1. Test of understanding: among 143, 151, which residue is loosely packed, with under 14 Cβ neighbours inside 10 Å and in contact with a strand residue (DSSP E or B) (Cβ under 6 Å, 6 or more places away or on another chain)?
2. Looking at segment 170-193 only, could you name the residues that are within 16 Å of ligand 3 (Cβ to nearest atom) and not in a loop (DSSP other than H, G, I, E, B)?
3. Checking the condition exposed (fewer than 14 other Cβ atoms within 10 Å of the Cβ), within 16 Å of ligand 3 (Cβ to nearest atom) and under 21 Å from the mean Cα position of the chain (by Cα), which residue from 36, 32, 77 passes?
4. From the list 179, 209, which residue is more than 16 Å from ligand 2 (Cβ to nearest atom), in contact (Cβ under 8 Å) with a residue 24 or more places away in the chain and in the same structural domain as residue 321 (by TED's automatic domain parsing)?
5. Show the residue pairs meeting these rules: Cβ distance below 6 Å; 6+ apart or different chains; first residue within segment 59-76 and at negative phi and assigned by TED's automatic domain parsing to the domain that holds residue 234; second residue assigned to a helix (DSSP H, G or I) and within 16 Å of ligand 1 (Cβ to nearest atom).
6. All but one of (1) surrounded by fewer than 20 Cβ atoms within 10 Å (Cβ to Cβ); (2) part of a loop (DSSP other than H, G, I, E, B); (3) more than 9 Å from ligand 2 (Cβ to nearest atom) hold for residue 241; which doesn't?
7. Among the numbered criteria (1) exposed (fewer than 15 other Cβ atoms within 10 Å of the Cβ); (2) at pLDDT 95 or above, which single criterion is violated by residue 180?
8. Which fully enclosed strands (runs of 3 or more DSSP E) of segment 266-377 have 1 or more residues being under 25 Å from residue 197 (Cβ atoms)?
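The values are calculated or read from the model by the stated rules, or taken from the named source; none is laboratory data. Fair warning: this is a prediction, and the values are worked out from it, not measured in the lab. Quick reminder, even Gly has a Cβ in these numbers, built from the backbone with ideal geometry, and neighbours come from all protein chains shown.
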Ligand code: SF4
Ligand code: SF4
Ligand code: SF4
C-alpha cells in the first residue's frame, strides 16, 4: 500500500498505487434542489451505451429517491454498515475534526477509517457483491417519503417549513464518480482498469478484463457492473468521445456528456478542471466548477468518508435532516446550504450557467447589473442584482450569456392564438 493525499479527507491515506494525477479531471456539480426525478438522464445513457444483450439491467446513470431508494438496492446502507462494523472492531469513531479545516483540508480532517483502511487482508477495499435480486429494478421506493410522525391521520395541519421538513425525500442522481483513487482499479487483479492521464476518466479495458467482478465488489458506489454475455465488467465511460471533442457534434471542443446535456431540470454542470502535479486543483476562480466547489463550497462530494475522492459534487437538498445529509456529504453540509440559500452575487450568477449549452464551459465572466431586490433571508439582509454571466468554451469562444432575471417576452396581441 502507498500513502496518497486525499483533500476531501484532509489527510493522507493508504491506497494500492502511488500518487499520480491526470492533467485535467472530469468533474460535475449536481444541484439536488432542482432535480424533478424525470429520469431523462437515465434514459439518455441507456439509449446511448447500454441497449444491447447482457446490458438489460445496467443503468450507468440512475436517479434514486432517498432515503429508501437505491440501485442496487440499499447499496449505501450495506457499505455504511460494513464500515461501521470495522470501526467498532478497531475501537475507532468515524468523526471529522473541523477545527483543522484549512486550504488543503476544506472540510476538516477525517479521523475514521476509509474503505481501503477498513479492508481485510484479502481485499484492497471493503465491499460486497450485490445479489441479482438487488439489481432487479432500478427505482424501488420511487417518490416514497418518510412517514409523518405527528397527527393521527398522518397529515400535518401546520404544513412544512425550513430548515428541516418532518416528512421528506429527495432525488439522488448517480453515475461513476471517476474517482481520484478508484477502488475499482485498486481491486482489479488483472490491472484492467485505468485512469486516463488527459482527463481522469476511469475505464475498463475490455480486452484485459476476465470478469472476476472484483471491481463490482469493491466500488463502494456500485457503479461497475458485470455483463454475463461477454463475461466482462462494464461501467460509465463518461461519454469520452464528447469529452475529447471527437464526437462529430462537438466541433472539436469538449462537450458535456449525454446524461448531463439532456437534463430538463437544469441541475447538472459538467466540465474539466486543471490538476496540479500534487493532485490539488490548480487555482481557477473563474472556472464554474472550481468556483462552486472550492470558492463557494456550495457543492460537496458523495460519501467522502469512503476515501476514493469522488469527482461528482452535489448541492445538498435544503429540506432534508442535517444529520442524514452530514453522513452523506460530510461536515460541509451546513455551510453549503447556508451559501446556497443566500447566494453571493457571484454564486447566483454562476448558478445560471447550468444547462445553457452542450459545450463544456471553461471560464466565466460577470457583467454587473442593477440592484433589483432587497429582502431578508434567514433573518439577514440579502440583495439581488440583475448581473449577466457569460460562459466561454475550451477555445475561449462565448457559448452562453444569461441574466439573473429571466427576460419576459410578451406575445403581441395579433398573435395571441398562434402556436
Ligand atoms: S465510482 Fe466506482 S467504478 Fe467509478 S471510479 Fe469510483 S470506484 Fe471506480
Ligand atoms: S457520462 Fe455518459 S456513459 Fe456515463 S452515465 Fe452519463 S451518459 Fe452514461
Ligand atoms: S434529467 Fe435532470 S432533472 Fe431529470 S432526473 Fe436526471 S438529473 Fe434529475
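1. On the way: 151 fails: in contact with a strand residue (DSSP E or B) (Cβ under 6 Å, 6 or more places away or on another chain).
Result of the check over 143, 151: 143.
2. To start, the set of residues in segment 170-193 that are within 16 Å of ligand 3 (Cβ to nearest atom) comprises 170-177.
Of everything in segment 170-193, those that are within 16 Å of ligand 3 (Cβ to nearest atom) and not in a loop (DSSP other than H, G, I, E, B) turn out to be 170, 171, 172, 173, 174.
3. When all the criteria are applied, what remains is 36.
4. 209
5. Listed pairs, sorted by first residue: 60/45; 61/45; 61/259; 72/135.
6. Among (1) surrounded by fewer than 20 Cβ atoms within 10 Å (Cβ to Cβ); (2) part of a loop (DSSP other than H, G, I, E, B); (3) more than 9 Å from ligand 2 (Cβ to nearest atom), residue 241 violates only (2).
7. With (1) exposed (fewer than 15 other Cβ atoms within 10 Å of the Cβ); (2) at pLDDT 95 or above applied to residue 180, the lone miss is (1).
8. Details: elements: 268-274, 312-315, 363-367, 371-377.
Result: 268-274, 312-315, 363-367.
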